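Quick notes on the structure that follows.
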Amino acid sequence: MKAIVYTKYGGPEVLQLKEIEKPYPMDDEVLIKVHAVSINDWDWGLLQGASFVDRMMSGLSKPKKQILGSDIAGRIEAVGTNVTRFKPGDEVYGDLSGSWGGFAEYVCAREKALALKPASMSFNEAAAIPQAAMLAKQGLIDKGQIKSGQKLLINGAGGGVGTFGVQIAKLYGVEVTGVDSTSKLDMLRSMGFHHVIDHTQEDFTKNGKCYDLILDVKTNRSVFDYTRSLCRNGIYVTVGGSMVRLLQALVLKPWISMITKKHVRIVVLKPNKDLAYMNELFEAGKVKPVIDGPYKLNEVPKAFRLFGKGDHKGKIVITI
Ligand SMILES: NC(=O)c1ccc[n+]([C@@H]2O[C@H](COP(=O)([O-])OP(=O)(O)OC[C@H]3O[C@@H](n4cnc5c(N)ncnc54)[C@H](OP(=O)(O)O)[C@@H]3O)[C@@H](O)[C@H]2O)c1
């Protein structure tokens, strides 16, 4: 089968299209013919071996898992003897982070990492959903306890999490502000953000406005900057960003709620937990993934370059 393989950490140039052996499912796995896969921030970090955590997961000096790609959609081709939920021919999708392997024609996965794909959802749409939509849902609803009538700000609004976030937020009747770079602002307006802020022109933490809920995918400022922008009893939820800033938020959050009546929460992704919820929203026409692409398998290095520059809108999807 064809796959995008990397044998050393580096930039998109280390990704190579290769012919390799097709995988074979273990007893508790299914074999999936991959139809689409999307790029996540985690793939980008693992490609470069960017942090100590990336290298602890994938190998200190070189990557042990040589095929990236966690968010996949495809058709089941074979099932292991212990698999009970799926059969050959089922169309499925899910987040395979931990085992990865999605930038390939075939991948094996545990059944608990998968959900059935609704017939009305394309493979490209399904591949865009898992990580970004789970982070948006778990950030806004589980941690953020979003409520009708609130003012919400999404920082880093034009990528995967933000474009799902605004669609989920609209179901609650909140007033949403999106922060991103100049080239994304028209898209944000067209998606229903009530207000947009260009982070290259304005620092939203210094504009004197307050928000009931902030969902942050960048976390590139001090936690005190964010809490200054919260209204009384407001909640700041981070899904990721600078490790140093996240650590600061983790250490200070109990003190902040005790002293200021504002709250800081950190999302630890529960992969695939809410795929059934996303299926319901999709089938009701309430959520539509924003797709950048689709690109072809041999264009994966180009797609990673685009992702690395932050030039993508929504989710970058590769069709296989
Ligand atoms: N909590 C967990 O367990 C967990 C698990 C997996 C991933 N994550 C995290 O989840 C996040 C993924 O978010 P995503 O998929 O939405 O990322 P994304 O698609 O890369 O989107 C990020 C957006 O932020 C914008 N941006 C960059 N710098 C900015 C700034 N200073 N201010 C405002 N916006 C800025 C980018 O556009 P421009 O570059 O054009 O500005 C881009 O549109 C990452 O932080 C990742 O580490 C967390």
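Computed from the coordinates by the stated procedures, all read-outs in this text should not be read as laboratory data. Since the model is a prediction, treat every value here as computed from it, not as a measurement. Every residue, glycine as well, gets a Cβ built from its backbone with ideal geometry; the counts of neighbours run over all protein chains shown.
Could you rank the peptides 9-21, 112-124 by their average count of other C-beta atoms within 10 Å per residue, with the highest value first?
Working: 9-21: 14.0, 112-124: 18.2.
Result, highest mean Cβ count within 10 Å first: 112-124, 9-21.
Tyr295's amide H: which non-local residues (gap 5+, or another chain) put their own amide H closer than 5 Å, with H modeled 1.01 Å from N in plane and none for Pro or chain starts?
Val317, Ile318, Thr319
Can you work out ³J(HN,Hα) from phi for every residue in the stretch 212-228, in order, using Karplus 6.51 cos²θ - 1.76 cosθ + 1.60 and θ = phi - 60°, giving whole Hz and x for Gly and Pro?
7, 9, 10, 10, 10, 9, 10, 6, 10, 10, 5, 4, 5, 4, 5, 5, 4
Can you list, by residue number, the Cys in the chain that have no neighbouring cysteine C-beta under 4.7 Å?
Taking the Cβ cut-off of 4.7 Å, the unpaired cysteines of the chain are Cys108.
Around Glu77, which amide H atoms from residues at least 5 apart in sequence, or from another chain, sit under 5 Å from its own amide H, with H modelled in the peptide plane?
So Glu77 has HN proximity to Leu31, Ile32, Lys33, Gly89.
First measure r as the distance between the Cβ atoms of Ile20 and Leu252, then evaluate 1/(1 + (r/R0)^6) with R0 = 56 Å and state the FRET efficiency to the nearest 0.05.
Working: r = 47 Å, r/R0 = 0.84.
Calculated transfer efficiency: 0.75.
Net charge near Phe304, counting Lys/Arg +1 and Asp/Glu -1 over other residues with Cβ under 12 Å of its Cβ? Walk me through the intermediate numbers first.
Working: positive: Lys302, Arg305, Lys309; negative: Glu13, Asp41, Asp43, Glu299, Asp311.
Around Phe304, the charge tally is -2.
Debye calculation, C-alpha points only, no solvent: report log10 I(q)/I(0) for the stretch 214-270 at q = 0.15, 0.19, 0.26 Å⁻¹, in the same order as the q values.
Each listed q corresponds, in turn, to -0.35, -0.56, -1.06.
Taking the Cα centre as origin and putting +1 on Lys and Arg beta-carbons and -1 on Asp and Glu beta-carbons, what dipole magnitude results for the stretch 187-274, to the nearest 20 debye? Present the calculation step by step, with values, prior to reporting the outcome.
Numbers: 14 positive and 7 negative charges, 59 e Å.
It comes to approximately 280 debye.
Could you tell me whether the stretch 100-220 comes out rounded, prolate or oblate from its Cα gyration tensor? Rule is a ≥ b ≥ c as square roots of the eigenvalues, rounded for a/c under 1.5, then prolate if a/b exceeds b/c, otherwise oblate.
Values: a/c = 2.21, a/b = 1.81, b/c = 1.22.
Note, shape of the stretch 100-220 comes out prolate.
Out of Ser222, Gly162, Cys210, whose Cα points farthest toward the positive end of the dipole of the stretch 95-232 (charges: +1 Lys, Arg; -1 Asp, Glu; placed on Cβ)?
Cys210
May I ask for the distance between the Cα centers of the stretch 211-254 and the stretch 266-320, given as a whole number of Å?
Comparing the Cα centres of the stretch 211-254 and the stretch 266-320, I get a distance of 24 Å.
In nm², what is the average projected area of the convex hull enclosing the Cα atoms of the chain? Walk me through the numbers on the way to the answer.
Numbers: hull surface 63.5 nm².
Average projection, Cα convex hull of the chain: 15.9 nm².
In the structure shown, do any of Lys209/Lys313; Lys2/Lys296; Lys117/Lys273 have a Cα-Cα gap over 20 Å, and if so which?
Details: Lys209/Lys313 26 Å; Lys2/Lys296 12 Å; Lys117/Lys273 15 Å.
Violating the 20 Å Cα-Cα cut-off are Lys209/Lys313.
Listed highest first by mean packing, meaning other Cβ atoms within 10 Å per residue, what order do 237-248, 25-36, 92-103, 154-165 come in? Mind dumping the intermediate values first?
On the way: 237-248: 18.2, 25-36: 20.2, 92-103: 23.6, 154-165: 28.2.
Highest-to-lowest ranking by the protection proxy: 154-165, 92-103, 25-36, 237-248.
Going through the cross-link list Lys151/Lys309; Lys62/Lys218; Lys170/Lys288, which pairs have a Cα-Cα distance over 23 Å in this structure? All intermediate terms of the calculation are to be shown ahead of the outcome.
Working: Lys151/Lys309 30 Å; Lys62/Lys218 27 Å; Lys170/Lys288 13 Å.
Listed pairs above 23 Å: Lys151/Lys309; Lys62/Lys218.
Order these by the 10 Å Cβ neighbour count, fewest first: Met57, Met1. Before the final figure, lay out the partial values.
Details: Met57 18, Met1 15.
Ordered by Cβ neighbours within 10 Å, fewest first: Met1, Met57.
Which aspartates and glutamates have a Cα lying under 15 Å from the Cα of Lys65, excluding residues fewer than 8 positions away in the same chain?
Glu21, Asp43, Asp54
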